[in-house]
Structure formats: C-alpha cells, structure tokens
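In what follows, a single structure is set out as structure tokens and then discussed.
The values are calculated or read from the model by the stated rules, or taken from the named source; none is laboratory data. These numbers come from a predicted model, not from an experiment. All Cβ positions, even for glycine, are placed from backbone atoms using ideal geometry, and neighbour counts span all protein chains on display. Please note that ligands, DNA and RNA were not included when accessible areas were found on the heavy atoms of the full protein model with its side chains. Shrake-Rupley method; radii C 1.70, N 1.55, O 1.52, S 1.80 Å.
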Amino acid sequence: MSMTSPMATDVKTRAELALNDEFLRKAVRFTTERLRNGKRSASEELPHWEAWRDRAREIRLHTIAHLDYYLNLFVENARANGVHIHFADNSAEAVDISLKIAARKQAKSAVKSKSMVTEELHLNEAFAQAGIEAVETDLGEYIIQLAGEGPSHIVIPAIHKNRYQIAELLSKEAGEPLAPDTTVLAGFVRKKLREKFLEADIGITGCNFAIAETGSMVLFENEGNARMVSTVPKTQITFMGMERIIPSWEDLEVMATLLPRSATGQKLTMYMSGITGPRREQDMDGPDEMHIIIVDNGRSLQLGDPEFQELLNCIRCGACLNACPVYRHIGGHAYGGTYSGPIGAVLTPALNGNVEEWNDIASASSLCGACYEACPVKIPLHDMLVFLRRRKVEQGRGDKLEAAGMKGFAAIMANSKRFSAAIRAAQVGQKVVVRNGEITTKLGPLKGWNSYRTLPAIAKRTFRQRWEAGEIAAQSAVKEMDPGIRERMEGIMQQRKKRGGDSS
Ligand code: SF4
C-alpha cells in the first residue's frame, strides 16, 4: 500500500506533497464542492433539518450509553436468526477469525463491498498473504486497490483521481487502452467484476447499521455490488465496528434520512439492504452460512472517556471532510491513517491509543467549526481537536518555539499599549521584506504561510491610528452603520475625544 505511514513522514511533509499535486487538488476540490452543494440542497429541502439532527444525536447518545445492553440484544437475536457471531478485540484477532473461516471453506477468492473497518484491519493484504484473492467491488475501492492505495475519503475512496488517471489504471488491467470515458470505464469494471462475483467463495461486507431488536444488519450503497456480495457467494462474512448498533428499525428511519443526504446529497441511496440471517429454505438466494465479526480495535478506549466517547456516534457519512477547508486542499492521504479529514484527525489517535505517534494530525485544522456544522449527529470535533492540541502541550510535546511565540503574543494582545508599540515596530521592521504591498519572504516562520499564499503588509496607518485621529473614512463608515450601532460608536468616539485619544 502506498499510503504514507505516520512514522515515515509528518503531516506537514505529506500535506506539502499533496499541495504540490495539481491533479489531486483539482479532483478533490471538484468532488467535495459537488458533495457539499448536494448536501446543502438536500438539507434545505427537508423540513426541520435541525430537529432531525437533534433526534439522530439523541439516538446515538442513548445507544452508546447503553451499548452493552443493545450489543447483547443484537447478538442474541442474530444468533437466533442462524448467524455465527464472533468478537475480535483487535485487528489481528479479526483477521485471524476471518482467515480461519476461509480456510475451513477452502476458499480461493472473495469479493468485498466497501467497508472502512476492513480498511482499518488491512484485510486485503492479509488475505493476499494467505493466498486468497480479495477483490474490491465498489468502483472507487476497486480503483484504489489497483493503484495499491488506501481510501482518501470515507465515502468516495478514489476522490483524488481524475478520469485520465483512472483510465490509465484500468487500461493496464484490461491489457488494452480504454478511453477516459465514464461509460467505457464503468462498463469494463462491470464486466470484470461480474466474473469475480460468480467465482467467489466468500462475500465480505461491512455494516452501516446493526438493528438490535431483530439482529439484522443494514447496508447502504449505490452500485448494487454489496447486494451481489451478500447474495451470490455461499459464505458471507460481515465485519462490524462494535458501535454500529441502533436499537430499532424506527431509529433506522432517522439514520436513513440523514446519512445519504449528508454524504452525497441523495434522498436515499440506490440500494438499502436489510439482512436478517443466512438464506432460509424459501429464499431464492443468499449465503448458506453467515458470520458477523464484531470488532473493537480501540473503540472501547473511547467508552467512558469524557472527551472522546461521542466519536462512537459517528455514522461515517464523510460530510465533515467535504466541509473542512484543510481536507479540501490536501485530500485524505496527507492525514496518514485509514480515516481522514476532521473525523480522522481525532479518530485515528483515539483508536490507536497512541497519541505520540499521531500527535501532529490535530494541527491539520483551522478550528473553524465547519465540521460540527456539517455533522448529522453533531459531534463536536473542533472541541476534540483543541483538547488534543492542549494535551500535547501539557504533556510537554509541543513545539518550544511556538510556545514562546504564543506567550509573547498573549502578552502583547493583553495590553493595548504593548499592542500599539508592537504594531509601530512591525511597521518599521517590515520595510526590508515588503514588495508591492505584500510580505513575500519565505524565511523563518513565514515560510509555511508564504509558500502557498501572500501576506499583506501592515498598513502604513492602521485602522486604530486612523480611528483615533477621527479621520473622515472612519466617520463615514460609522454613518453607514445600523442606527443602534452607530449611536454606540459615536458615544465611544466622543468619550475618546474627551480623554484626549487615550488608547487604553
Ligand atoms: S463525524 Fe459526523 S460528519 Fe464526520 S463522518 Fe462522522 S457522522 Fe459524518
């Protein structure tokens, strides 16, 4: 897998690589923009969007607070439906359980539908090492499997590739040049995968939601491949994060209203499959044997943690990625883990329980709060990011230069005389680096900023200086204000004149 290991580079280096990749930036910007607009229209069309979000949050909070109860209920009901249930504490155990099932079935090949939890477990690599071919059947997943990469978006795994790059990859697989045309490329993949579906011994799926009251699992998808994966092969293995539970089908209505709208702006995905056990005698199709592997892999570390428990509420819609100004510039691989964007920046350290290894990805955020606004279950990701940064500093792992800079900044901002003196000094000092009204130097701490944008020079006369001098521009700005605000501003200006321009 070409996905960069967090140990090999830091987030800044990975982000720099992404920022220098014009194809990636264009592709990510184009698709996230489309998804964001779709979500905006879908949420505006649905009456009482905020009430739906509140209800979804309540359901998730309630379920996670009683996770042991609902998990037991789900397991009891699923077993009664004839499903084999397994529990895996970590990724090695989950992989081992699935390989044992495959070995018992003497499986040579498996088809997979899209599943983030199996990405987390690096299941494809483990199957390949055991001599079993595991083929991704979601178009995006198939593309990144051929490219030897991990997903760069929770919902659109190949978001960073354009159709020319995809045509190149698929042409290699076809052994002949394929036109960079969506219909041609999708047609080739459809034909190729149809053979794989028919040959496969095992079908592997993830699980969007597990319904406790009936022991059923629910899959949302657009391509119909998950339905093929869960009906054609004789044995089905479902990997399910232990937090995927919701109490009832009634609760699914809320999730089904929010998940597709938040993810892609669709009212409903093309296919929504509810699966309650293996094939029964009267059923036309379905697997003869069905296994569900319930995966912990770091999730229980979040249970009872006052800062991070709400991460378990996530329904993996990807809306926070599309809303994040940082993600929209650098894409997913720069985050270094399976999950990217704001949710990845918090979830990856939380799942790994090893903050040090991942301590730099919380910095990949502007803390604007757009992720919270976009999240259908209102997870306060921006607060969690601040907490991670604070913990890093408190543990003495922060940047010493940054800490000294922040102390100096706080001392200046806390006192208006110091602030004015600092501005005057900067107005004089900047003269050596200002060109055409902009500071363009890439020396020292300005390198990061000025490599990708320009920093305007400090004005010769600041707003404050002009305001205190009672200049016309400031007064006419006041005239255009709302009458209430203008009255207050004029009062302040008069008081200042009386005090003789005191700036404190
Ligand atoms: S944190 Fe919220 S917005 Fe982001 S993927 Fe999870 S549910 Fe979706």
Is it true that some residue in segment 398-409 is assigned to a helix (DSSP H, G or I), farther than 29 Å from residue 36 by Cα and open to solvent by less than 40 Å² (accessible area, probe 1.4 Å)? yes
Do you know which residues across segment 406-439 are under 11 Å from residue 459 (Cα atoms) and under 37 Å from the mean Cα position of the chain (by Cα)? 438
Going by the structure shown, is residue 176 touching a Ser or Thr at 6+ places or on another chain (Cβ under 7 Å), open to solvent by 40 Å² or more (accessible area, probe 1.4 Å), of a type outside the set (A, V, I, L, M, F, W, C) and modelled with pLDDT of 95 or more? no
Segment 347-367, subset touching a residue at least 40 places away in the same chain (Cβ under 8 Å) and touching a Leu at 6+ places or on another chain (Cβ under 6 Å), residue surrounded by the most Cβ atoms within 10 Å (Cβ to Cβ): 365
Hits in segment 108-139 - residues which are among the hydrophobic types (A, V, I, L, M, F, W, C) and not in a strand (DSSP E or B): 116, 117, 121, 123, 126, 127, 128, 130, 132, 139
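Here is a yes/no grid of residues against (1) assigned by TED's automatic domain parsing to the domain that holds residue 464; (2) open to solvent by 40 Å² or more (accessible area, probe 1.4 Å); (3) closer than 23 Å to residue 315 by Cβ:
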residue: 369; (1), (2), (3): no, no, yes
residue: 373; (1), (2), (3): no, yes, yes
residue: 391; (1), (2), (3): no, yes, no
residue: 396; (1), (2), (3): no, yes, no
residue: 424; (1), (2), (3): yes, yes, no
residue: 432; (1), (2), (3): yes, yes, no
residue: 443; (1), (2), (3): yes, yes, no
Anything in segment 290-348 that is charged (D, E, K, R) and under 26 Å from residue 61 (Cβ atoms)? List them, or say none. 296, 299, 305, 307, 310, 316
The listed residue being surrounded by fewer than 17 Cβ atoms within 10 Å (Cβ to Cβ) and of a type in the set (S, T, N, Q), out of 216, 152, 171: 171
Any chance segment 22-45 includes a residue that's assigned to a helix (DSSP H, G or I) and under 17 Å from residue 292 (Cβ atoms)? no
Determine whether segment 69-79 contains at least one residue that is within 23 Å of residue 220 (Cα to Cα), within 27 Å of the chain's Cα centre (by Cα) and modelled with pLDDT of 95 or more. yes
Among (1) more than 15 Å from the ligand (Cβ to nearest atom); (2) of a type in the set (Asp, Glu); (3) assigned to a loop (DSSP other than H, G, I, E, B) - the single one residue 243 does not satisfy: (1)
Name the helices (runs of 4 or more DSSP H) wholly inside segment 247-353 in which the number of residues that are away from the ligand (no atom under 12 Å from the Cβ) is 2 or more. 249-264, 327-330, 341-352
Every residue in segment 236-274 that is among the hydrophobic types (A, V, I, L, M, F, W, C), within 16 Å of residue 223 (Cα to Cα) and surrounded by 20 or more Cβ atoms within 10 Å (Cβ to Cβ), please. 263
Residue pairs qualifying under the 8 Å Cβ cut-off, at least six apart or on distinct chains, with the first in segment 69-95 being part of a strand (DSSP E or B) and the second being open to solvent by 20 Å² or more (accessible area, probe 1.4 Å) and among the aliphatic types (A, V, I, L, M), are 86/97; 88/97
Flag for residue 187 being under 30 Å from residue 253 (Cα atoms) and within 30 Å of the chain's Cα centre (by Cα): no
Residues 142, 164: which one is in a helix (DSSP H, G or I), open to solvent by 60 Å² or more (accessible area, probe 1.4 Å) and of a type outside the set (Val, Ile, Thr)? 164
Of the criteria (1) open to solvent by 10 Å² or more (accessible area, probe 1.4 Å); (2) under 29 Å from the mean Cα position of the chain (by Cα); (3) not polar (S, T, N, Q), which one residue 56 fails: (1)
Looking at (1) within 16 Å of the ligand (Cβ to nearest atom); (2) in a loop (DSSP other than H, G, I, E, B), which is the only condition residue 388 fails? (2)
